[in-house]
1. Round to the nearest 0.05 the FRET efficiency obtained for residue 769 and residue 902 when R0 = 60 Å and r is the Cβ-Cβ distance.
2. Given the whole protein assembly as supplied and a 1.4 Å probe, what does the accessible area of residue 977 come to in Å², nearest 10?
3. Take 207, 174 and sort them by solvent-accessible surface of the protein heavy atoms, 1.4 Å probe, largest at the top.
4. So how far, in whole Å, is the C-alpha centre of region 138-172 from the one of region 763-823?
5. Report D for region 226-311 in µm² per second (integer): Stokes-Einstein, Kirkwood Rh on Cα pairs, 25 °C, 0.890 mPa s.
6. By per-residue mean of other Cβ atoms within 10 Å, what is the highest-first order of 651-657, 160-166, 998-1004, 616-622?
7. Can you figure out the FRET efficiency of residue 958 with residue 1012, using R₀ = 25 Å and their beta-carbon distance, to the nearest 0.05?
8. Do any trypsin sites (Lys or Arg not before Pro) in region 640-707 lie in a loop, going by DSSP, with at most 14 other beta-carbon atoms within 10 Å of their beta carbon, and if so which?
Amino acid sequence: TEKPQSENITFVAKVNAESLLKKPTIKWFKGKWMDLASKSGKHLQLKETYDRNTKVEPCSREQEQRRRLQRSVNTLHLLVAVQTSSDPDVDIWKILSSAPASEYEKIAFQHGITDLRGMLKRLKKMKKEEKKSEAFLKKLDPAYQVTKGQKIKLAVEVANEDVEVKWLKNGQEIQPTGRYIFESVGNMRYLTISNCSLADDAAYCCIVGEEKCTTELFVKEPPVTIVKNLEDQMVMKGERVELECEVSEEGANVKWEKDGVELTRDESFKYRFKKDGCKHVLIINEATKEDCGHYKVKTNGGESMAELLVQEKELEVYQSIADLTVKAKDQAVFKCEVSDENVRGTWYKNGVEVKADARINITHIGRNHKLTIDEVKPEDEGDYTFVPDGYAFNLSAKLNFLEVKIDFVPRQDPPKIHLDCMGRTAESTIVVVAGNKLRLDVPITGDPAPTVIWTKGEKVITEGDGRVHVETTKGHCIFTLEGAERQDEGIYSVVVRNPAGEDTADINVKVVGKAELLRCSLMGEDSCVVHWEPPLFDGGQPVIGYVIERKKIKSFRWMRLNFDPYPKTTYEARRMIEGVAYEMRVYAVNSIGMSRHSPASQPFVPIAPTSEPIGLCVDDVSDTSIVLKWRRPERIGSAELEGYGVEYCKEGTDEWIPAMEGLTDRTSMTIKDLTTGDKLQFRVRAYNTAGPSAAATLAQPVTIREIMQRPKIWLPRNLRQTLIKKVGDTVNIVIPFQGKPRPKVTWSKDGEALSPQFASVRNSEIDTILFIRKTERKHSGQYDLQVQIENVADTSKIMLQIVDLPGPPQALKIVDVWGFNVALEWKPPKDNGNCEITGYNIQKADKKTMEWYTVYEQYRRTNCVVSDLIMGNEYVFRVFAINLVGLSQDPCETKDSVFIHKTGIAYKPPTYKEHDFSQAPKFTHPLVNRSVIAGYNATLSCSVSGIPKPKVTWYKNKMDISHEAKYRMLSKQGVLTLEIRKPCPFDGGVYMCKAVNDSGEDIVECKLEVRQKKDAKK
């Protein structure tokens, strides 16, 4: 088109959009690439309209030429691009590779390619790679993968079967060895790598002449499995804990966790990790109650878990100290035994600590503590006390001194029984667990040797008398009870006699029974309920409770579950691992002690039932049958799913009738032979080893009768995508359906029932209508339609979007001004009109005329640069938001105006780098060795330079003499002088001067010799 320079030019293009689903986007280009939308303004305006009836979109471009142009004729090549979303996917690489080079720009424009140069570089590289090899018929694959320890074979096919090939690994030639094997079969060349290791993970290359082909070999490590699992442990507070496992590979990395939190080696060294070949050990120093929990070790191929229980120390006294009565020169021994061999203690006499000396010996061996006093004196009489360290109790006894008058008669010692045995209470009662052996070794003394008689009641027990028998040796009498039974309970008396007298002691023996008939039931996911029977006999004292223990089947360590006696015979054990087999056992406890443990229970595995089946619904129903469907439970657990049980009952009754014998493994079932007209409720339960799950039931009972025509919604095609309407429009949705008898129609919005005030609904036998007279934004959302006959239903959803004009953009501000350009920035509007913001309309106005001109239209970003402003004018700017409905009603305007100044050259004074005058110290005149006469003042001089002025320090024999009164230091104009007042021979030596500043340091030294006066006379 040719036009005079001063006239307007208008271009009009019409687009037929009848076949398009939505309004197309129009773009104007000048030449091949210049998008004219960025140039629109006072002299260039783009307009478009859209006729909804004809779906024809005329678009025009008007150019007003107000400034003088060049006299030559300008030709404008305009191209209108219509973009739609219905273009099929095309392979651009295939098109470019087959097209001539002259068509590249055209193809790039048609398919919206912006980085044409980069694509051409890649295309050139692809064409190079497609060059056929002359030496290789078949090259190596780009990459190979092999498991560590396995074998792999790399193969290439060469063109000449007589040619020789070279194999390289990371650029180094491979020599044939036991692991690397080269093969040549016809045109095929093979490299076989046996027993691959991580060192074989590399780049391999096959060379034939000057050609080569490469590949990457990736060596995959096999997963590390746990060979020996962790074991549960129970320790006392303060003890050291070692949790040990064994993995399948040496040097493997493992991760330790406590209650799901990864453990690390912290500053306090609470946790230490030890690795010994395949063994990995977690060490906890001085366990506390906070260390209780589940510990887990993980590898990339498995995991193992164990439980740690930490018990507070409760010190038990097995043997208390007893009162002693001793004679002069005899030995007194106080002895006690406690439960913890690591507990130390202190002995006191009348409240004063007892110290060991030549006569007094204090020993601690294992659990026994002993105080021995040799050659007892009268002053040793008193109250003796043993106090265990860290515990708030003590053991006391009294030492009585017995004076003995010596008569000259033949020596005769009366017999004495020293009853000192473990487990003895204050009443001299010995507790033995039923079935165990009791052996009492009772020391006796007397001169002459006494005779020993054991009796129970009136019955005398002799040596070798069946299960209960006695033995007598020198200084001892031994009582043995084999396989204790309940009838062995009673009082046993021992009598020792000699001519000097006799002694008697009674021992009460109690036999404690054990719990019986241990069984486990009601297993859960991490728990089980244990039942047991009380012991057949209680040992003469009532049972006050029980102690329960458990262990894993593959472990040898029993863990105590309670520390205080549990009074009931039913206990729920928790914190177990699902799927792991356990055993349980129980101890009975009375006031005397703890019985022998019961036999271990049958092994059991904690397993929880599955969750209920989901999605139970009616698939079909007839006069005598019904078809049900459901889906697998969400949680199955460690046990396999055995099947499903289906039951039904009549409405108004509680009697559930199985629909079939046994279980079904399918997720659907047809139940036949039902009575027509009955209203039945159905439920389905999943079964595993732990039993049935919770039941999945139908929402309402089902009437057994045939549905002539299943309910079905015929949703129109235009409602299968979001229906968009403007605010104030009318919505009239008609949806046909089918179903006999007449189905029940239900509308809901966003999961809630639709109220008549919100929208009108009209239903007929064949369709339903949703009507909204005047739409508002609140009508947007998802509308659900359900058509139901009994329990058979069909559903459909309709998405309605009510859109409106957007609000104005926010916070429009001027970011920068330079030359004839202004940079603007703003924020999107708060209200987008319930649809996407498609762009912005930016306008400018001269403040004198306040006539607005469009700078950008349909501009996508939230910042822009307005160019070509006129020098000397003052401008203001405003921005409209655009969405599917149109422009926002109000714009966002700049608060300030911009004045375009006349450009000039601003003088910028030159900048100079400040010179660094700093200089490290340097001695320009050194010290000179001198020899002086004693008694006359001597001076040492040197000169130094440096910026800033250095700090000077004088040394004699490397010792600082700055504060010595004998020396005087002078400094003038860089000349340094050290004056030595009346030196003596002692002042001779090596003198050093050191100068230091921020830039460095320097030193200088000399030797000073001091001669005596007589040397000077000579």
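1. So, using R0 = 60 Å, E works out to roughly 0.30.
2. 30 Å²
3. 207, 174
4. First find each Cα centre; the distance between them is then 62 Å.
5. The calculation lands on 189 µm²/s.
6. 616-622, 998-1004, 160-166, 651-657
7. 0.45
8. Loop-located and lightly packed - 666, 672.
The values are calculated or read from the model by the stated rules, or taken from the named source; none is laboratory data. Keep in mind the model is a prediction, meaning the values are calculated, not measured. Ideal geometry is used to build each Cβ from the backbone, glycine not excepted, and the neighbour counts take in all protein chains shown. SASA here: full protein model, heavy atoms, side chains in, ligands and nucleic acids out. Shrake-Rupley method; radii C 1.70, N 1.55, O 1.52, S 1.80 Å.
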